[in-house]
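Visitor: I'd like to ask you about the structure that follows.
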Amino acid sequence: MSDKKIIFSGIQPSGKITLGNYLGALSNWVELQDEYQNYYCIVDMHAITVPQIPKDLRENTLLLLSQYIASGIDPNKSTIFIQSHVPQHVELSWVLQSMTYMGELGRMTQYKDKSAKGGENLNSALFTYPVLMASDILLYSTDLVPVGEDQKQHLELSRDLAQRFNNRYSDTFKIPEVYTPKVGARVMSLQDPSKKMSKSDENENGYISLMDSNDVIIKKVKRAVTDSVGIVNYSDEQPGIKNLLDICSKFEKVSPQDLALRYQGKGYGEFKSDAAEIIAQGLRPVREKANEYMNDKAYLEEIYSQGAQKAEEVASKMLSKVYKKIGFIPKKRI
Ligand code: ATP
Ligand code: LTN
């Protein structure tokens, strides 16, 4: 048994992942990988809380796995698996749902946003989704959950549910901490810098997909909404420029303020064309490697099969413990 602390995180295969997912989540996972024992999940069960076309879901799941590996998540150091392969996630989620209040779920910002868009045909999984997320995390005695800023509220609920269960029965779950990066925790839309960059944005110019070609990236960055100040400053008054500085600073590994200094006396045109180049070059290796992995389905199958086996061993032990504590009769093999 390793004495390293445990990380769990996941991304939904609900589309093609964006630069926001990469900078807010995936790239940080890679940095933390050596220091922790890691579980990185492709949360396909979360993805079906909004309608998915089966063929696209299959494709996006394998693509996301390829992108995990292409970004540097190493299957020898991290357990990489697909959520629907480990049934304990939904089983624990049912138990935790029985301890979650409707009011708690109704307050979730993501639910409020998505339900406002969804109109009348709201499904109940969209409402209970944060409980499934809590199960994902709690099954593995997770210490740390690296996510973007938008997931902090869900993490709070996971902590509350863990504490509630521990108080009602006895100490069972570890209380997880959230980890958000200093820069890149909230990458904004290129078309509306007051909104987060999202893979489900109807306007494709708002986001950069990890699979966008260099030409597409350059076009999107050049079209990014800025302001009429005309000076490259790192300031809340210039959210479009601030967003591009944040993005580039993450790739260049310098502070956004220092990056802004490079553009003193220069216009937005020059800054944007450098920014486009930095992003395009930064994403190129991930895109190219991901395409290679997509052509090796046997390798992908090996990774997710081994991952599921390792994850299930841990998850089933935790679930048995929980079932016992709540009074379910343990199943006897005959
Ligand atoms: P959707 O648009 O389908 O709701 P999403 O793009 O928000 O999805 P998720 O799969 O929900 O993506 O998120 C995966 C991870 O990426 C989470 O850790 C989330 O916090 C992070 N993330 C998502 N969008 C951004 C963003 N714009 N900036 C930083 N991190 C982000
Ligand atoms: N809800 C997250 C995805 C997610 C997740 C998790 C993140 C599902 N389960 C467990 C961290 C840990 C989202 O980004 N929408």
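The values are calculated or read from the model by the stated rules, or taken from the named source; none is laboratory data. Everything numeric here is computed off the predicted structure, so don't read it as measured data. Reconstructed Cβ throughout: ideal geometry from the backbone, glycine too, with neighbour counts over all protein chains shown. Areas reflect the complete protein model, heavy atoms only, side chains present, ligands, DNA and RNA absent. Shrake-Rupley method; radii C 1.70, N 1.55, O 1.52, S 1.80 Å.
Visitor: With each pseudo-label sitting 7 Å past Cα toward Cβ, what's the Lys77-Gln306 distance in nm, one decimal?
Guide: Modelled inter-label distance: 1.5 nm.
Visitor: Excluding ligands and nucleic acids, what accessible area in Å² is computed for Asp44 using a 1.4 Å probe, to the nearest 10?
Guide: Roll a 1.4 Å probe over it and Asp44 shows about 20 Å².
Visitor: Pull up all non-local amide H partners of Lys196: gap of 5 or more, or a different chain, and H-to-H distance under 5 Å with H placed in the peptide plane.
Guide: Hits under the 5 Å cutoff: Ser189.
Visitor: I'd like to know which of Pro193, Gln163, Leu105 lies farthest towards the positive end of the charge dipole of the chain, counting +1 on Cβ of Lys and Arg and -1 on Cβ of Asp and Glu.
Guide: Of the options given, the answer is Gln163.
Visitor: Over the stretch 192-255, what relative contact order in percent results from Cα pairs under 8 Å that are six or more residues apart?
Guide: Here the relative contact order equals 26 percent.
Visitor: Also, I was wondering about something else. With each label point set 7 Å from Cα along the Cα-Cβ vector, what nm distance links Asp236 and Val254?
Guide: The modelled label-to-label distance comes out at 2.6 nm.
Visitor: P(r) for the stretch 1-160, please, calculated from all Cα pair distances in 10 Å bins and given in %.
Guide: Each 10 Å bin holds this share of Cα pairs: 10, 39, 39, 11, 1.
Visitor: Compute, for the stretch 1-101, the length of the dipole vector about the Cα centre, with Cβ point charges of +1 (Lys, Arg) and -1 (Asp, Glu) only. Units Debye, rounded to 20.
Guide: On the way: 6 positive and 9 negative charges, 34 e Å.
With Lys and Arg at +1 and Asp and Glu at -1, about 160 debye.
Visitor: Can I get the semi-axes of the stretch 185-314's equivalent ellipsoid? Compute them from the C-alpha gyration tensor as square roots of 5 times the eigenvalues, in angstrom, largest first.
Guide: Sorted largest first and rounded, they come to 34, 15, 15 Å.
Visitor: Now for a separate question. Add +1 for every Lys or Arg and -1 for every Asp or Glu among the other residues with Cβ under 15 Å from the Cβ of Gly269, and state the total. Intermediate values should be presented prior to the final figure.
Guide: Values: positive: Lys219, Lys222, Arg223, Arg262, Lys266, Lys272; negative: Asp227, Glu270, Asp274, Glu277.
Once positives and negatives cancel, what remains is +2.
Visitor: Turning to a different aspect of this structure: I need to check one value: relative contact order of the chain, counting alpha carbon pairs closer than 8 Å and at least 6 residues apart, in percent.
Guide: 22
Visitor: Please build a GNM for the chain, connecting alpha carbons under 10 Å apart, and tell me which residue among Lys196, Lys253, Lys16 fluctuates the most.
Guide: Answer for the Gaussian network model of the chain: Lys253.
Visitor: Report the normalised scattering of the stretch 80-228 as log10 I(q)/I(0) at q = 0.14, 0.19 Å⁻¹, calculated by the Debye formula with identical scatterers on the alpha carbons.
Guide: -0.83, -1.22
Visitor: Given R₀ = 51 Å, what would the calculated FRET efficiency be for Ser320 paired with Val229, taking r from the Cβ atoms and rounding to 0.05?
Guide: 0.25
Visitor: Could you state, as a whole-number percent, how many of the C-alpha pairs of the chain are farther apart than 37 Å?
Guide: Working: 11216 of 55611 pairs.
Roughly 20 percent, rounded to a whole number.
Visitor: To the nearest 10 Å², what's Met102's accessible area with a 1.4 Å probe?
Guide: 140
Visitor: I want to verify a result. In a Gaussian network model of the chain, Cα cutoff 10 Å, which of these has the top mean-square fluctuation: Ala280, Ala315, Ala260?
Guide: Most flexible of the set in this elastic network: Ala260.
Visitor: Using the eigenvalues of the Cα gyration tensor, what equivalent ellipsoid semi-axes result for the stretch 59-103 when each is taken as the square root of five times the eigenvalue, whole Å, largest first? Each step should come with its number before you reach the end.
Guide: Numbers: eigenvalues 178, 28, 22 Å².
Result for the stretch 59-103: semi-axes of 30, 12, 10 Å.
Visitor: Moving on. Amide H to amide H, which residues 5 or more places from Ile11 or on other chains are under 5 Å from it, using H placed in the peptide plane?
Guide: Long-range HN contacts for Ile11: Cys41, Val43.
Visitor: Connecting C-alpha atoms closer than 10 Å in a GNM of the chain, tell me which of Ile73, Ile241, Ile278 has the biggest fluctuation.
Guide: Result: Ile278 has the largest fluctuation of those listed.
Visitor: Now for a separate question. Which entries of Lys5/Lys242; Lys219/Lys266; Lys195/Lys272 have Cα-Cα distances beyond 23 Å here?
Guide: Lys5/Lys242
Visitor: Between beta-carbons, use under 15 Å as the cut-off and find the net charge around Thr61, counting Lys and Arg +1, Asp and Glu -1.
Guide: Around Thr61, the charge tally is +1.
Visitor: Say the dipole of the chain comes from +1 at the beta carbon of Lys and Arg and -1 at that of Asp and Glu; which of Ser71, Ser115, Ser228 then lies farthest toward its positive end?
Guide: The residue sitting farthest along the positive end of the dipole is Ser115.
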